[in-house]
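**Student:** One structure, as structure tokens, below. Some questions next.
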Amino acid sequence: QCITHCPVGALRERDDTSEVLDALADPDKITVVQIAPAVRAAWGESLGLPRELATVRRLAAALRSMGFDYIFDTTFSADLTIMEEAAEFLKRFTAGELKEYPMFTSCCPGWVRFLKSQYPQLVPYLSTAKSPQQMFGAVTKSYFAERIGVPPEKICCVSIMPCLAKKAEKNGHMYVKQTDSIQDVDIALTTREMDRLIRSENINVSSLPEAEFDSPLGVGSGAGVIFGATGGVMEAALRTAYYSVVGTNPSPDAFRAVRGQEGWREAEFDMNGTVVRCAVASGLANARHLIEAILAGQAHYDFVEVMACPGGCVGGGGQPIPFEQSEQAEIRGELLYKLDRLSPLRYSHENPEIKALYDQYLGEPLSERAEDLLHTDHNSWTMPLSLRLQMQDTEDTTIH
Ligand code: SF4
């Protein structure tokens, strides 16, 4: 299962729960935990919790009872990723840089590694935006550390992710610039590891009342929530790009044509007379199929989202393992879209905590400080040949 769903060659699942327990027991550490959007759709499955009880706020309550000092939502930094990625797309699109090849999303480390190893000539077309996990860590150890008046070294930043590849990502192979001096994220746990931690701590989650996230990194929009499903990054980015171009919000469901489970989908959208051609792929075999068509001149797009796991992060290699993973990915994805529909916030650019972050600290998307903290240099790390070969051996060859 891990081999099928983890496209980065993380063949053995490493358990980092003891590192988390050590950090929680260390009186000199301030422990900050972030919960990825896709985790909320699956965390209760292996604990036998019905979906109506397995809410993200009940998970926040479980983490609080373990002793974490601050509990935040990666949905916040998914909104931040959207702000940066939408601005980057519009800048590159209007500058005419995407005439030959599209801009590719960069939030999935499995996909980034795949592109670097298989199609290095397309690396310049990757968005330079870090993933939500990494952006969260970067903001925690700068803006948040300053707000609570502690040196960043005192903070232990833990992430709960649906993903095995996030463990490699946080080590900085792909997203850290040579000039970065501190690791954004210290420990990345999968959803499965977190469930094990809950069991080992004997926490009766069903009896816990729901808990609120902390501020100022705890508010996320519905656009940030759908990051966890295939097509969600594209849809969320288009909502904000449209607002930037037209000056008014689109209908929140204006870009729903990119939703679905087919491995390669495409759609065109009109933004004030400018047509933007988009494609979405999930699963690396589908990604290869799409890239080959682009390179052969058979397909032309401006903006492409790729997620390495079939169905996106909801079907990630770190999620609970049901009998039929792909079926679960669709069910979990539908749950995220429902949460988006029910959210009072549907646009990343309307998130009040994102607005405060830009007002108080970053200035505007793509500012010098935003570039420094939230973007990366994809050329700072190239993949060794041994890893390239390993990736070829583990690639999912299923076209959906
Ligand atoms: Fe990780 Fe999501 Fe990419 Fe899968 S699709 S490798 S879970 S980031």
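Computed from the coordinates by the stated procedures, all read-outs in this text should not be read as laboratory data. The shown structure was predicted, so the numbers you read here are calculated from the model rather than taken from an experiment. Reconstructed Cβ throughout: ideal geometry from the backbone, glycine too, with neighbour counts over all protein chains shown.
**Student:** I'd like the distance between the alpha-carbon centres of region 202-224 and region 59-73, rounded to an integer number of Å.
**Tutor:** Centre-to-centre (Cα) distance: 8 Å.
**Student:** In the chain, which longest range has no trypsin sites (Lys or Arg not before Pro) that are both DSSP loop (not H, G, I, E or B) and surrounded by at most 12 other Cβ atoms within 10 Å?
**Tutor:** Values: sites that count: 12, 14, 99.
After excluding every exposed loop site, the longest remaining stretch is 100-400.
**Student:** Within the chain, what percent of beta bridges assigned by DSSP are antiparallel, to the nearest 5?
**Tutor:** Working: 9 of 31 bridges.
Antiparallel bridges: around 30 percent, rounded to the nearest 5.
**Student:** So what does log10 I(q)/I(0) come out to for region 141-245 at q = 0.11 Å⁻¹, using the Debye formula with one equal point on every Cα and no solvent?
**Tutor:** -0.53
**Student:** Rounded to the nearest 5, what is the percent of antiparallel bridges among the DSSP beta bridges in region 197-348? Walk me through the intermediate numbers first.
**Tutor:** Details: 8 of 13 bridges.
Percentage antiparallel, nearest 5: 60.
**Student:** Of the candidates 104, 136, 93, which one comes out as most mobile in a Gaussian network treatment of the chain with C-alpha springs shorter than 10 Å?
**Tutor:** Comparing 104, 136, 93 in a Gaussian network model of the chain, the most mobile one is 93.
**Student:** Hey, another quick one. To one decimal place, what Kirkwood hydrodynamic radius in Å is obtained for region 236-299 from all pairs of distinct Cα atoms?
**Tutor:** Numbers: mean 1/r = 0.0769 Å⁻¹.
After inverting the pairwise mean of 1/r, the radius is 13.0 Å.
**Student:** Within the chain, which complete DSSP H helices have Cα atoms spanning at least 18 Å along the helix axis and a mean Kyte-Doolittle hydropathy of 0.0 or higher? Before the final figure, lay out each step's value.
**Tutor:** On the way: long enough: 74-94 (30 Å, 0.09); 232-246 (21 Å, 0.75); 325-342 (26 Å, -0.83).
Within the chain the helices that satisfy the rule are 74-94, 232-246.
**Student:** No solvent, one uniform scatterer per C-alpha: report log10 I(q)/I(0) for region 2-394 via the Debye equation at q = 0.08 1/Å, two decimals.
**Tutor:** The Debye formula, applied to the Cα set alone, gives -0.36.
**Student:** Using the number of other C-beta atoms within 10 angstrom as an exposure proxy, rank 55, 105 with the fewest first. Could you put the intermediate results ahead of the total?
**Tutor:** Values: 55 16, 105 24.
Ascending Cβ contact count within 10 Å gives the list 55, 105.
**Student:** Measuring from a point 7 Å past the Cα of residue 360 along Cα-to-C-beta, which residues in region 120-159 have an amide N at less than 15 Å?
**Tutor:** The answer is 139-150, whose backbone nitrogens lie closer than 15 Å to the label point.
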